[in-house]
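Notes to accompany the following structure.
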Amino acid sequence: MDAFDPTRFETMRTRPLTAADERKNAQKAADDFEQMFVRTLVGSLRATSKLGDEGGMFGSGPGTDTYGDWFDQNLAEQIGKDGKIGIAESIMRDWERHEQIPIDQQAGTARLAADRAFRAATNALGKGGVDVVR
């Protein structure tokens, strides 16, 4: 067996992240947060449900907590895949708006323009309103 040689790791230095890599990492973090949120929500709803005298959705015997966790995880994954509740998209828009991640050139430009228009309209309303007749 060879002795440990720390110089061999010099060739494994990480390259700087590209804009696409940053967006991909941010999207994964936003998706993971959305799934965790939905799982917590589903778990809370399931824990408070009572079906008859059995004490819950899966009864009260051994292993009910395991089945409950599996149920929560799978339902959260399905909702995340199929039903997208919009938390991840909202997080990504927020990060783009605050320039914490690179803007998606295709969809981001239109979204940012809409956000700026919305903020301008909101500011105008605070100052007396918007003249929509002109």
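The values are calculated or read from the model by the stated rules, or taken from the named source; none is laboratory data. Given the structure is predicted, the values throughout are model-derived calculations rather than measurements. Ideal geometry is used to build each Cβ from the backbone, glycine not excepted, and the neighbour counts take in all protein chains shown.
Assorted remarks:
- In the condition set (1) closer than 27 Å to Asp115 by Cα; (2) at pLDDT below 85; (3) surrounded by 12 or more Cβ atoms within 10 Å (Cβ to Cβ), Gly55 is compliant with all but (1).
- Selection within segment 1-49 - modelled with pLDDT under 85, in a loop (DSSP other than H, G, I, E, B) and either surrounded by 10 or more Cβ atoms within 10 Å (Cβ to Cβ) or β-branched (Val, Ile, Thr) (or both): Thr14, Leu17
- Summed over segment 57-105, the residues that are in contact (Cβ under 8 Å) with a residue 60 or more places away in the chain, of a type in the set (Val, Ile, Thr) and outside any helix (DSSP H, G or I) give a count of 1.
- For segment 109-128, the criterion of being of a type in the set (A, V, I, L, M, F, W, C), modelled with pLDDT under 85 and surrounded by 15 or more Cβ atoms within 10 Å (Cβ to Cβ) is met by at least one residue.
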